[in-house]
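Single-structure report; data block below.
The values are calculated or read from the model by the stated rules, or taken from the named source; none is laboratory data. Fair warning: this is a prediction, and the values are worked out from it, not measured in the lab. Note that each Cβ is placed from the backbone with ideal geometry, even for glycine, and that neighbours are counted across all protein chains shown. Only protein heavy atoms, including side chains, enter the accessible area calculation; ligands, DNA and RNA are left aside. Shrake-Rupley method; radii C 1.70, N 1.55, O 1.52, S 1.80 Å.
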Amino acid sequence: MPKPRTNASSSGTSVARLKPDYDLIVAGGRVIDPANGLDAVADVAIKKGRIAAVVPKLDGFRAAKTIDAAGLIVTPGLVDTHAHVYQYVSGDFGLNPDIVGIRLGVTTVVDQGGPSALTFDGFRKFIVETAKTRVYAFISAYLAGGLLGHRYVDLYGPTGINVKAIVKAARDNADLVRGIKAHAEPGGYSRWGMDSLKLAKEAARELKLPVYIHLGTLWPEAKGSKVNAAKIIDEVVPLLDAGDILAHPFTRFPSGFVASDGSIHPLIREALAKGVRIDVGRGAHFSFTNAQRVIDAGILPFTIGADLHGYNVRMGDGGRAYRGMFTGEGADSIVAEDRGSPFARPYSLQHAMTELLALGVPLPEIVRMATSNAAVMLGLESEIGSLSVGMPADISVMRLLPGKWTLVDSERVTHPAKEVLHPEFAIRGGKVHLADSPLLPQLSEAA
């Protein structure tokens, strides 16, 4: 522990310090910092927007402001590795980055496939530069990007992919582009097989960046076509390299990790042995049954993305119902839904973390997924994901709410939980932001 500093006069007599030692101290919380092997009650000090100290007790030091975090969980700034925040350009699908980020106690969000080679300049100017949340992106493999949430399937075939354009846009925006977003699901496969994914991989290999691959189901199969969904992974895994990411392992659809007979696809372990990573991508087709099967098989996700977007969250108007697959080519796919349980729709990264906690994954491991592992996935270990001294002061603070909670998945299957993680506030660059997102439900009556 550092010793208190004193200022001495010329005669050797100590005098009161006029300036505080730190700008902010978050005091007495349970600090979970997996990157540094820390899980203990501690004080976290911030100075000039960076972590200045993490010690059991900062006795004898002064701060311009001290926050009492006793009883709270303090972690490195949480990273949501699957967000959709290209607001307006992606229509109702894109949410405001601060509503799903800093106002949910999450300091960094990664847009998955919203901006494309054609639209990345707008993403930088109107999203990244205006948000209080730190924002990165996996650039879309498709020139159409995330327009209307990928609703119109014909835009996403190989004719809508230009490898040279992807490479140029990614290099022009290397500070923001952390990978490429692509799909491998029955609807696209019934039309083009692996052609779109192969082009995405071509660009990724030239850029030396990972591809984030949507499994599960998104589009209806082509008329007259019938795809054996389990066979898609047979063709996906040989294309993958270390660092590539498979998303939606817990999808309710048989085109994910779990076949219709409940078995785990045998090539998943082969993919993991190659260094392929798994992201939860909670979204609108999460299944407790399949999640339990995957976890019981000894397979844990590497990162957690919440996959919040305008088609699966509940806003003031009740939102739009979407359960992970478009049933048609137009707006009739998205319909109004009653409010029901606050857990029936995804509402935050902490909600996805709570579901893993209820499934028996230890809290420190869950925090690892949402902090240091996420930083590794993005190649940003020196900038985010830990509370190491000198790092930017990105901090998330949560509360564990005890109770008899009933969680709900996308199949309307319920699962009991003894605790719910709920955001309190976040700190980015030393500035405090309360968790006041309109996506947060009132949980007082849901226990």
Quickly run through region 299-324 and pick out the residues that are modelled with pLDDT of 95 or more and open to solvent by 30 Å² or more (accessible area, probe 1.4 Å). Leu300, Phe302
I'd like to know if region 373-383 contains one or more residues that are over 26 Å from Pro210 (Cβ atoms) and buried (at least 23 other Cβ atoms within 10 Å of the Cβ). no
Top-ranked residue of region 58-77 - restricted to ones that are outside any strand (DSSP E or B) and of a type in the set (Gly, Ala, Ser), ranked as nearest to Thr107 (Cα to Cα): Gly77
For region 396-432: of the residues being assigned to a strand (DSSP E or B) and hydroxyl-bearing (Ser, Thr, Tyr), which is surrounded by the fewest Cβ atoms within 10 Å (Cβ to Cβ)? Thr406
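A quick yes/no check of all residues on (1) in a helix (DSSP H, G or I); (2) closer than 21 Å to Met377 by Cα; (3) over 23 Å from the mean Cα position of the chain (by Cα):
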{"residue": "Ser190", "(1), (2), (3)": "yes, no, yes"}
{"residue": "Leu197", "(1), (2), (3)": "yes, yes, no"}
{"residue": "Lys201", "(1), (2), (3)": "yes, yes, no"}
{"residue": "Arg205", "(1), (2), (3)": "yes, yes, yes"}
{"residue": "Lys223", "(1), (2), (3)": "no, no, yes"}
{"residue": "Lys226", "(1), (2), (3)": "no, no, yes"}
{"residue": "Ile232", "(1), (2), (3)": "yes, no, yes"}
{"residue": "Pro238", "(1), (2), (3)": "yes, yes, yes"}
{"residue": "Asp241", "(1), (2), (3)": "no, yes, no"}
Mind checking which residues of region 328-362 are at pLDDT below 95, exposed (fewer than 13 other Cβ atoms within 10 Å of the Cβ) and assigned to a loop (DSSP other than H, G, I, E, B)? Gly328, Gly330, Ala336, Asp338, Arg339, Gly340
Regarding Ile264, is this residue out of contact with any Ser or Thr (no Cβ under 6 Å at 6 or more places or on another chain), open to solvent by less than 10 Å² (accessible area, probe 1.4 Å) and of a type outside the set (Lys, Arg)? no
For region 142-157: of the residues being open to solvent by 50 Å² or more (accessible area, probe 1.4 Å) and not in a loop (DSSP other than H, G, I, E, B), which is nearest to His309 (Cα to Cα)? Leu148
Determine, yes or no, whether Ala52 is in contact with a Pro (Cβ under 7 Å, 6 or more places away or on another chain) and farther than 21 Å from Asp436 by Cα. no
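For region 82-141, which residues satisfy the criterion of being aliphatic (A, V, I, L, M), open to solvent by 10 Å² or more (accessible area, probe 1.4 Å), within 21 Å of Glu383 (Cβ to Cβ) and not in a loop (DSSP other than H, G, I, E, B)?
Selection gives Val128 alone.
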